[in-house]
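Data block below; observations after.
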């Protein structure tokens, strides 16, 4: 990957993206919230629920690029104002998607992190605009994209002067139909070898099945992910977007009660380099 001048692992040991008191790349960061902002009560109730369960940041879509033009597209500016209120009340930093280069500057006035969705990963005009925004960027992998293509898109953002990029593996399109997409967990350690940027996973869009979200989240911890972004809705049965894959607050709280101890367990394991040193010492003896 010779064209990677800014995101390559050789450039630096590891990037830590700071958002308020959250440090992505050092802590295991959990971003949770609904697929889309639907009402003030919905976003506030969900925000308080995910905070109580241990989430670090709040997600919510004000703009929703959908497969069908007739599906709910988001509340736009109204949704952003509701997210802003949720942030003021709960203290959770906001992650929201931007889909149009013309919207970047004013969406950045509300968002702490700008999300680039899978459909826009190679929207180079948008990448350049968020690269000049001064806001951290969560860059999701395209559903048909290789790691090299993904990292080159991150390179676009960094080349505009923005070093705060967080990669997000959200599942790729394969021949499998049981899950919505296929979560490529191998991308986590592979990205760690190739780049200094932190990498998160999205167990919601990758699986599309509530029953698989917790398992894939725990597997991502074992793989070394820096965090996750997951959909939680206070009343999933009433959701206007992705109702079948949103966790309830109770489901999310149960998952979080298992994730944190698991992360602590892996943090206390000896590193691979330590293991190699000990094996060498044994052989020498």
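What follows draws every value from the coordinates through simple rules; no lab data is involved. Predicted model only: the values in this text are computed from it and were never measured. No Cβ is skipped: glycine too gets one built from the backbone with ideal geometry, and neighbour counts run over all protein chains shown.
Things to note:
- Normalised alpha carbon radius of gyration of the chain [divisor 2.2 N^0.38 Å]: 0.99
- Counting every pair of alpha carbons in the stretch 43-192, the share spaced more than 24 Å apart comes to 36 percent.
- Estimated 222 nm signal from helices in the chain, with DSSP H stretches of n ≥ 4 weighted -39500 (n - 2.57), rounded to 500: -12000 deg cm²/dmol
- Scattering profile of the stretch 126-205 at q = 0.16, 0.22 Å⁻¹ [log10 I(q)/I(0), Debye over alpha-carbon scatterers]: -0.58, -0.99
- Angle between the chain longest axis and helix 77-90 axis [Cα atoms, degrees, rounded to 10]: 60
- Relative contact order (%) - criterion: Cα under 8 Å, at least six apart; region: the chain: 20
- For the stretch 97-112 and the stretch 122-154, distance of Cα centres in Å: 14
- Segments 234-246, 74-86 sorted - mean Cβ within 10 Å per residue, highest first: 74-86, 234-246
- Degrees, to the nearest 10: 147-159 long Cα axis against longest axis of the chain: 70
- Packing-based order for 38-45, 126-133, using average beta carbon neighbours within 10 Å, highest first: 126-133, 38-45
- Computed from Cα positions, the angle between helix 249-267 and the longest principal axis of the chain comes to roughly 20 degrees.
- Here the contact order of the stretch 1-92, divided by its residue count and restricted to Cα pairs under 8 Å and six or more residues apart, works out to 25 percent.
- The stretch 180-223 and the stretch 1-50: distance between their alpha carbon centers, rounded to Å: 14
- Here the stretch 86-171 is described by how far its Cα atoms reach on the three principal axes: 40, 26, 21 Å, from widest to narrowest.
- Considering only alpha-carbon pairs that sit under 8 angstrom and 6 or more positions apart, the relative contact order computed for the stretch 84-242 is 15 percent.
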